[in-house]
Amino acid sequence: DEPIRAGLGRFVCALGALYRESPCLWRGDPDTWSFTWIDCGDRDNSVLSFVRREREETRAGDFAIVVLNLTPVPRDDYRIGAPAPGRYVERLCSDDPRFGGSGYGSRREVDTEPVWFHGYEQSIVLRIPPLAAIVLAPAR
């Protein structure tokens with residue numbers, strides 16, 4: 001009967017389903033190649049981003065990008081490096097209205113641009129909601 005608690009329950013359920021459907025989030029544990037920081041040094045914006053891989057080599061469908069905004073400030077036009085060119089789809093966003101979030105800036109799909117960033121030849125531009133976690137995966 002409590003909306004906040006119900007939203008959290010729906011989020012945990014969706015996160016569990018994503019985990020089951022996405023071996024890249026767990027299969028490589030504890031091998032070092034299964035986790036790579038995209039950016040862990042943005043102190044000004046408090047945004048962290050990393051890649052989880054299912055296999056040692058990166059191929060379409062074998063990885064997911066996780067982006068965390070650790071502040072109550074939304075981050076518009078936020079660029080991060082992308083490990084492969086192409087279209088990425090949002091698999092999960094903690095700010096989704098079904099979880100009690102605002103739905104701020106949600107982009108269900110985003111295409112890479114040939115802009116070198118964070119050591120990658122391609123990058124994507126996101127609108128990151130405040131205090132949010134986003135999981136992106138290559139479109140299939």
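The values are calculated or read from the model by the stated rules, or taken from the named source; none is laboratory data. Note that the structure is a prediction, hence the values are computed from the model and not measured. Here the Cβ is made from the backbone with ideal geometry for all residues, glycine too, and neighbour counts use every protein chain on show. SASA here: full protein model, heavy atoms, side chains in, ligands and nucleic acids out. Shrake-Rupley method; radii C 1.70, N 1.55, O 1.52, S 1.80 Å.
Kindly provide the set of residues from the range 123-140 that are farther than 16 Å from PHE50 by Cβ, open to solvent by 10 Å² or more (accessible area, probe 1.4 Å) and not hydrophobic (A, V, I, L, M, F, W, C), ordered by number. Steps first, please.
First pass over the range 123-140, keeping only residues farther than 16 Å from PHE50 by Cβ: 125, 127, 129-131, 139-140.
Applying the additional criterion that residues be open to solvent by 10 Å² or more (accessible area, probe 1.4 Å) yields 125, 127, 130-131, 139-140.
Listed by number, the residues that qualify are ARG127, PRO130, ARG140.
In this structure, does TRP33 turn out to be surrounded by 11 or more Cβ atoms within 10 Å (Cβ to Cβ) and not in a strand (DSSP E or B)?
Numbers: surrounded by 11 or more Cβ atoms within 10 Å (Cβ to Cβ): yes; not in a strand (DSSP E or B): yes.
The answer is yes for TRP33.
Filter the range 79-116 for residues that are of a type in the set (A, V, I, L, M) and out of contact with any His (no Cβ under 7 Å at 6 or more places or on another chain); which is nearest to LEU25 (Cα to Cα)?
Among those that are of a type in the set (A, V, I, L, M) and out of contact with any His (no Cβ under 7 Å at 6 or more places or on another chain), it is LEU92.
Kindly establish whether ARG87 is without any contact (Cβ under 8 Å) to a residue 24 or more places away in the chain and within 15 Å of ALA137 (Cα to Cα). First the steps, then the outcome.
Working: without any contact (Cβ under 8 Å) to a residue 24 or more places away in the chain: no; within 15 Å of ALA137 (Cα to Cα): yes.
Against the criterion (without any contact (Cβ under 8 Å) to a residue 24 or more places away in the chain and within 15 Å of ALA137 (Cα to Cα)), ARG87 does not qualify.
Suppose we keep only residues that are more than 16 Å from GLY41 (Cβ to Cβ) and of a type in the set (D, E, K, R) within the range 62-90. Which one would you say is least open to solvent (accessible area, probe 1.4 Å)?
This residue is ASP62.
For the range 42-61, enumerate the residues that are open to solvent by less than 50 Å² (accessible area, probe 1.4 Å) and more than 22 Å from ASP95 (Cα to Cα). Explain how you work it out, then say what you get.
Taking the range 42-61 first, the residues open to solvent by less than 50 Å² (accessible area, probe 1.4 Å) are 42, 45-54, 61.
Those that are open to solvent by less than 50 Å² (accessible area, probe 1.4 Å) and more than 22 Å from ASP95 (Cα to Cα): ARG53, GLU54, GLY61.
Scanning the range 91-111 for residues that are open to solvent by 30 Å² or more (accessible area, probe 1.4 Å), out of contact with any helix residue (DSSP H, G or I) (no Cβ under 7 Å at 6 or more places or on another chain) and in a loop (DSSP other than H, G, I, E, B), which turns out modelled with the highest pLDDT?
Filtering the range 91-111 for residues that are open to solvent by 30 Å² or more (accessible area, probe 1.4 Å), out of contact with any helix residue (DSSP H, G or I) (no Cβ under 7 Å at 6 or more places or on another chain) and in a loop (DSSP other than H, G, I, E, B), the one modelled with the highest pLDDT comes out as SER102.
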